[in-house]
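The values are calculated or read from the model by the stated rules, or taken from the named source; none is laboratory data. Small disclaimer: the values here were computed from a predicted structure and weren't measured. Remember, those area values only see protein heavy atoms, side chains included, never the ligands or the DNA or RNA. Shrake-Rupley method; radii C 1.70, N 1.55, O 1.52, S 1.80 Å.
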Amino acid sequence: MQVKKKRFAEEIAHAIRQKIAGLDLREGDRLSSHASLAKELNISPPSLREGLQMLGTLGMLKTNHGVGTIVAEPSAPRPC
């Protein structure tokens, strides 16, 4: 049996999903800047961006130029 390795960005996305599920982050909350969040999580900014992009694709986050990244309004139950 072959085990699929998780990409680092998937782990980052999971950690942020846990913050949303645990209500540390709520709908409409703005995330810290990418630089601050990367420093807080002790990861590189490119890895953070990839994880955030995954969550954006799932509809959990929205990124608006000049505004930042915010937790999106839930449209369906979110997988954890």
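Quick check on the chain: what are the equivalent-ellipsoid semi-axes from the Cα gyration tensor, as sqrt(5λ), descending, whole Å? Can you show the working numbers first?
On the way: eigenvalues 82, 55, 24 Å².
Equivalent ellipsoid of the chain: 20, 17, 11 Å, largest first.
Tell me the per residue accessible area of the chain using a 1.4 Å probe; a whole number in Å² is fine.
Numbers: 5780 Å² over 80 residues.
Value returned for the chain: 72 Å² of accessible area per residue.
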Whole-percent carbon and sulfur contribution to the accessible surface of the chain (1.4 Å, no ligands, DNA or RNA) stands at 51 percent
Expressed to one decimal in nm², the mean projection of the alpha carbon convex hull of segment 19-59 is 3.0 nm²
